[in-house]
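First comes the structure, then the notes that go with it.
The values are calculated or read from the model by the stated rules, or taken from the named source; none is laboratory data. Predicted model only: the values in this text are computed from it and were never measured. As a convention, Cβ positions derive from the backbone with ideal geometry for all residues, glycine included, and neighbour counts pool all protein chains shown. The area values use the complete protein model at the heavy-atom level, side chains included, leaving out ligands, DNA and RNA. Shrake-Rupley method; radii C 1.70, N 1.55, O 1.52, S 1.80 Å.
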Amino acid sequence: MIDIALLRNDPDLVRENIRRKYQDQRLPLVDQALELDKLNREAILRADTLRAQRNSLSREIGGLMQKGKKEEAEAIKQQVRDLQQELADLETKESEYEAGLREVMLQIPQIMAPSVPLGRDDSENVEMQRFGE
């Protein structure tokens with residue numbers, strides 16, 4: 001499997017490699033992988049933001065309880081529960097995006113070395129070296 005960083009940084013190289021291998025039917029995989037990667041990264045960022053909000057609100061609840069402001073604390077507890085639900089949904093989406101991305105990435109062919117001669121199939125192979133008889 002190729003590195004996702006290579007795909008992010010130079011998708012044209014990956015596309016050209018697929019063309020050199022005469023596997024044009026796999027070209028849409030590059031765009032699929034980039035889209036799934038984008039969605040996954042956005043979900044991770046949103047989840048991290050929600051966790052930070054949850055932690056902040058939890059600290060605020062403790063301060064309100066110490067001051068005896070139980071009603072305000074209960075309202076914030078409800079916000080925390082809502083954040084928890086949204087966070088659980090995002091974590092599910094993250095897992096789905098990661099699984100989909102992995103499946104697509106496994107179908108994208110490895111980058112060929114520049115020295116590899118081009119050919120559609122085995123009949124166009126170039127003999128580079130022979131061992132034995």
For segment 85-108, does any single residue satisfy the condition of being farther than 30 Å from R8 by Cβ and at pLDDT 90 or above? yes
When every residue in segment 5-32 that is among the aliphatic types (A, V, I, L, M) and within 14 Å of Q110 (Cβ to Cβ) is compared, the one farthest from the chain's Cα centre (by Cα) is I18
Here is a check on your reading of the model: is L118 among the aliphatic types (A, V, I, L, M) and open to solvent by 80 Å² or more (accessible area, probe 1.4 Å)? yes
Take the conditions closer than 30 Å to K21 by Cα and of a type in the set (V, I, T) and apply them to I76. Does it pass? no
Here are L29, L50, L7: which of them is over 30 Å from N125 (Cα atoms), surrounded by 14 or more Cβ atoms within 10 Å (Cβ to Cβ), touching a residue at least 24 places away in the same chain (Cβ under 8 Å) and of a type outside the set (V, I, T)? L50
What about L45, is it over 30 Å from P114 (Cα atoms) and open to solvent by 50 Å² or more (accessible area, probe 1.4 Å)? yes
